Amino acid sequence: MANTRSILGWHAFSRRALNWAVTIASVVLCLLLLPTRFPGMELFGIAPNWLLIWVVAWSIKRSMWEGAVAGVVLGLLQDGMTADVPTRAISLAVVGMLTARLQKQRYIQEDFISVALIVFGMSVLSDTITAVQFSWYSLRRPDNSVFFTIEEIWDYYQQVALASAVLSSLWGPVLYYPLNHWWERQRERS
């Protein structure tokens, strides 16, 4: 009897370890895809926001706290790969929290269109938060420093937000469905 419990305990541990390995591997894949520009996967030099798509996929069936933590962690990872001003942790945390909140309110269903619309809206929101941070940063800079003006920031933001939202929403379900299927199977086995 004791031997059976230890085998079952080991089996549960190995399943959890495999689940975490798949989750971490998916994050690493998204991190590697961020700077990559494949033909046909960019619009005006803008690529999909893979980390935002991952945060939406993670947060759809989780609590606001889990969505926020995932957003902060992935935002800090993105900041480590790029400039830390503006930080992506704030925008991805907000995306994680709001996506989880949408699910709790039952405003969404689990279909291709719903996932694409969530990713589109959250991408626009994330880029807006980033543009606000850029604007705030430009106002705090000394007058003799070279930085973008508020008008330049918001003109560029419009292009980036639209291109990123369209591409991210098109690729969102492609990343969401395999991850969601994996996480659902792991929940059923637990």
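The table below lists the values:
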item: Accessible area in the full protein assembly, largest first, 1.4 Å probe, for TRP171, TRP58, TRP136; result: TRP136, TRP171, TRP58
item: ³J(HN,Hα) computed for each position of the range 35-45 - Karplus, 6.51 cos²θ - 1.76 cosθ + 1.60, integer Hz, glycine/proline x; result: x, 7, 10, 7, x, x, 10, 9, 9, 6, x
item: Per-residue SASA entry for SER138, accessible area with 1.4 Å probe, Å² rounded to 10; result: 20 Å²
item: 0 to 90° range, to nearest 10: angle between helix 64-81 axis and the chain longest Cα axis; result: 60 degrees
item: Helix-only [θ]222 nm of the chain, DSSP H runs n ≥ 4, -39500 (n - 2.57) each, per residue, nearest 500; result: -27000 deg cm²/dmol
item: Full-stretch length increase - LEU32, ARG189 - with 0.36 nm per residue and alpha-carbon distance subtracted; result: 53.5 nm
item: Rounded FRET efficiency, nearest 0.05, which uses the C-beta distance separating ASP79 from ARG101 and R0 of 25 Å; result: 0.55
item: Ratio Rg/Rh [Cα only; Rh per Kirkwood] for the chain; result: 1.06
item: Cα long-axis angle, helix 88-104 against the chain (0 to 90 degrees, to the nearest 10); result: 50 degrees
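The values are calculated or read from the model by the stated rules, or taken from the named source; none is laboratory data. Predicted model only: the values in this text are computed from it and were never measured. With ideal geometry, Cβ positions are generated from the backbone for all residues, glycine too; neighbour counts draw on all protein chains shown. Surface accessibility is based on the protein's heavy atoms, side chains included, excluding ligands, DNA and RNA. Shrake-Rupley method; radii C 1.70, N 1.55, O 1.52, S 1.80 Å.
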